[in-house]
Amino acid sequence: SRMRRLGMMLSSCCSPSHLALVDVKGFDPSDISVIVKDGKVTVSAEHTEEHSTALGKTCNYRKFMKEFSLPPGVDDEEVTYSV
């Protein structure tokens, strides 16, 4: 299952300095936003695709958001991330 794969990825790649690994598969890096504020990290992504066909327009919309709290003693300014 997807959660099991994510759990295996977390187990195999995390060191004590890593807090989280968030799966944002299917989103372009430009679709993803990371905000660190008030002891919380919010990862969100939003993507919209429009296609015109002979029968009309279709629109696909996807949105994702994950929020978690930083461990006690971690300063917002110390948090780094990569996509």
When both residues are 6+ apart or on different chains and their Cβ atoms are under 8 Å apart, which pairs have a first residue that lies in the stretch 59-77 and is closer than 17 Å to GLY39 by Cα, and a second that is open to solvent by 80 Å² or more (accessible area, probe 1.4 Å) and assigned to a strand (DSSP E or B)? GLU67/LYS40; PHE68/LYS40; SER69/LYS40; LEU70/LYS40; ASP76/LYS37
Restricting the stretch 20-41 to residues that are acidic (Asp, Glu) and more than 19 Å from GLU78 (Cβ to Cβ), which is surrounded by the most Cβ atoms within 10 Å (Cβ to Cβ)? ASP31
Condition first: over 16 Å from LEU21 (Cβ atoms) and in a strand (DSSP E or B). Now tell me which residues in the stretch 66-83 satisfy that. SER69
Single residue of SER52, SER44 found to be open to solvent by less than 80 Å² (accessible area, probe 1.4 Å), of a type in the set (S, T, N, Q) and part of a strand (DSSP E or B): SER44
Would you mind stating whether TYR61 is among the aromatic types (Phe, Trp, Tyr) and modelled with pLDDT under 85? no
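The values are calculated or read from the model by the stated rules, or taken from the named source; none is laboratory data. On a predicted model such as this, the values are computed, not experimentally measured, just so you know. Note that each Cβ is placed from the backbone with ideal geometry, even for glycine, and that neighbours are counted across all protein chains shown. When the accessible area is computed, the model is the full protein with side chains, heavy atoms only, and any ligands, DNA or RNA have been set aside. Shrake-Rupley method; radii C 1.70, N 1.55, O 1.52, S 1.80 Å.
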